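What follows is a set of notes on a single structure, which appears directly below.
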Amino acid sequence: MKNVADYYNKTATGWSDEWLKEKKQSAILEKFHNCFAQVSSSHPKLLDLGCGAGYDSKIMSKLGARVTGIDISEKLIDIAKKSVPSCKFYVGDINAPMTKLGKFDGVVCLATIIHVDITRMKTVMQNIADVLKKGGLALISCCDGVGKNYQKSYVYLDGTYYDKGVNDYSASELCAFAYPSLKLVDTWKFDDFADGWRYYVFMKQ
């Protein structure tokens, strides 16, 4: 059975064009960008974790942010580099240290933390904290719940089974994994709140 990186490499070309046209995240990312405009800079340095084809990075760059994106899929990073030349993109894994990328005012991790196994969550949250400046913000989204979502995890495609490793996390779980480096400071509601999606803002302590 192949893993999440294999799945996104397999499907990268097929739906990256649609992702780059997606407008759904604009309100969320604009609200996050405004957090920095109010207190520090209208051109924050942001790290987009699980950047995919660069759709969120593109939105943030247009808002004025200086964006670096990483993704585990080599094919998605290739697409992002060609589609969003205003940003920097690298192949990377949030399960590994990211300090070589430098320090950032903010981190965006939308629908990426869901692919992190619970045994790695403490490490991943610390990896996020390590690339943030003191007082920096991390925007993290996931579906509210507990444990692996088996229905969403397993996909059969072109004769091959893939395990995307989709996990649901509660706010209390995320806070426990984030402590003591990150503190939950806000929870945002958007149109997909009823579908279980939550948007959490953490601050580097």
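Just a few scattered comments:
- SER61 vs. criteria touching a Ser or Thr at 6+ places or on another chain (Cβ under 8 Å), at pLDDT 95 or above, part of a loop (DSSP other than H, G, I, E, B) and not aliphatic (A, V, I, L, M): no
- Here ALA178 meets each of (1) modelled with pLDDT of 95 or more; (2) in contact with an Asp or Glu (Cβ under 7 Å, 6 or more places away or on another chain) with one exception, condition (2).
The values are calculated or read from the model by the stated rules, or taken from the named source; none is laboratory data. The model shown is predicted, which means the values in this text are computed figures rather than measured ones. Every residue, glycine as well, gets a Cβ built from its backbone with ideal geometry; the counts of neighbours run over all protein chains shown.
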